[in-house]
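Comments concern the structure below.
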Amino acid sequence: MSDQTAIVSTDQNTALAAIGQIANGYAAAGVFDDYRSRRAANTLRRQRADLDLFARFLEGIQHQTTGDELQSSPDAWRGISWGLIQGFVGWMQRQGYAVGSINVRLSTVKKYAALARQAGAISHEEHAGIKAVTGFTHSDGKHMDEQRSAAELPTRKGVKKAESVTLTKQQRHALKHQPDSNQGRRDTLLMCLLLDHGLRCGEVALLKVRDFNLTDGTFTFRRPKVDKVQTHTLTPDALRAARAYFNAGDAPLAADAPLLRSSRKDGSLTAGRMTERAITKRVKTLGEDIGIHGLSAHDCRHSWATNAALHKTPLNDLIHAGGWNSPAMPMRYIDAAKIANQGVMLGTDEPDATP
């Protein structure tokens, strides 16, 4: 190879390296945007809440940032170490957050730390330490709660309750049979959708008038959490409730209007839609009306899944109808519905008749 050829080759490599660095810079800047573009809106909202809490922890040690910055900018992660993230776990523990809440928030922080490493804001060495930070197992949680209770610290600070409210058949019946009034007919339909079809609160809030076909007794709805659109055949109770709601003129006239209307204190319906927050509040009130305290829309979904499992619904059918992406959650309901010793075979204790 001539000296001139070697110089040209060196120049080309240098130029390629420079172009590569520029490309890396653009790619790094887009890591967070690319990740967020692939996530559902509900997931991003939940992660934002997790990062808001992390920012609050960092503020306590004089590090100023926000959940929005942590969710959108790699630079917000510069200086974040595994020790800080381990400290965040301990802080949540001392604050009394539920074990499940701690684990979810740790998972979110570790995910965005991994994105920051990919973008070059966190070193590979530091990220290795961050990956090693772990949450708590179910057994860990029980022991930790015992210790916190002994120290008179809260043990269930978080979004979800420690245990779901269990509903009896009579309670489900009462919740699905509200007074024959504007608000009562709406509430009857609401409770049927939750108790008979296992819809999530957000899924109910998204329902439109056009989603219901009362001629063939079906409705079609979107499950944003798992990115699915499903059609359910209305149960007899749900079909009666839907027909009563529509036939009485309670439903909005426009096909693309939200199905469930909000209500005033006097029980009359407004032109506005029923939000997730309003649904949550109304379900709690309806529960209290029959002596159930702390009832939530998720409790109704839990009751639906438990009822389906008790009536021997096959796992695949339960997964599909409930809008899950994996069998992990529905398997809990099926396992809980089993008779624990059903498969145990024991010999008789009668004396052996043979000599």
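The values are calculated or read from the model by the stated rules, or taken from the named source; none is laboratory data. It should be emphasised that the depicted structure is a prediction, and the values quoted were computed from it without experimental measurement. Neighbour counts are summed over all protein chains in view; Cβ atoms, including those assigned to glycine, are modelled from backbone coordinates with ideal geometry.
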All positions within segment 112-125 that are in contact (Cβ under 8 Å) with a residue 60 or more places away in the chain and under 17 Å from PHE88 (Cα atoms): TYR112
List pairs: first residue in segment 192-209 and modelled with pLDDT of 95 or more, second residue acidic (Asp, Glu) and assigned to a loop (DSSP other than H, G, I, E, B) anywhere in the structure, Cβ distance under 9 angstrom, at least six positions apart or on different chains. LYS208/ASP256; VAL209/ASP256
So in segment 95-118, with the set limited to residues that are modelled with pLDDT under 90 and either in a loop (DSSP other than H, G, I, E, B) or in contact with a Leu (Cβ under 7 Å, 6 or more places away or on another chain) (or both), which one is surrounded by the most Cβ atoms within 10 Å (Cβ to Cβ)? ALA98
Which of the numbered conditions does HIS63 fail, given that it passes all the others? Conditions: (1) surrounded by fewer than 18 Cβ atoms within 10 Å (Cβ to Cβ); (2) assigned to a helix (DSSP H, G or I); (3) of a type outside the set (Lys, Arg). (2)
Segment 135-174 - residue that is over 14 Å from TYR97 (Cβ atoms), out of contact with any Cys (no Cβ under 8 Å at 6 or more places or on another chain) and in a loop (DSSP other than H, G, I, E, B) and, of those, modelled with the highest pLDDT: THR168
Could you tell me whether segment 253-263 includes any residue that is under 15 Å from LEU193 (Cβ atoms) and either without any contact (Cβ under 8 Å) to a residue 24 or more places away in the chain or in contact with an Asp or Glu (Cβ under 6 Å, 6 or more places away or on another chain) (or both)? no
The correct count of residues that are closer than 26 Å to MET329 by Cβ and touching a Phe, Trp or Tyr at 6+ places or on another chain (Cβ under 9 Å) in segment 190-217 is 12
Only one of ALA271, ALA297, ALA308 is out of contact with any helix residue (DSSP H, G or I) (no Cβ under 9 Å at 6 or more places or on another chain), modelled with pLDDT of 90 or more and among the aliphatic types (A, V, I, L, M); which? ALA271
Top-ranked residue of segment 274-286 - restricted to ones that are under 17 Å from ARG200 (Cα atoms), in a helix (DSSP H, G or I) and not hydrophobic (A, V, I, L, M, F, W, C), ranked as modelled with the highest pLDDT: ARG282
I'm trying to understand the selection: among the residues of segment 288-336, which are closer than 15 Å to LEU195 by Cα and among the basic types (Lys, Arg)? ARG301
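Conditions (1) more than 16 Å from GLY323 (Cα to Cα); (2) buried (at least 18 other Cβ atoms within 10 Å of the Cβ), marked per residue:
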{"site": "LEU199", "(1), (2)": "no, yes"}
{"site": "PHE221", "(1), (2)": "no, yes"}
{"site": "ALA238", "(1), (2)": "yes, yes"}
{"site": "ARG243", "(1), (2)": "yes, no"}
{"site": "GLU276", "(1), (2)": "yes, no"}
What are the pairs, 6+ residues apart or on separate chains, where a residue within segment 29-58 that is in a helix (DSSP H, G or I) has its Cβ under 8 Å from a residue that is of a type in the set (Lys, Arg)? ASN42/LYS225; THR43/LYS225; LEU44/ARG36; GLN47/ARG39; GLN47/LYS111; ASP50/ARG105; LEU53/ARG105; PHE54/ARG105
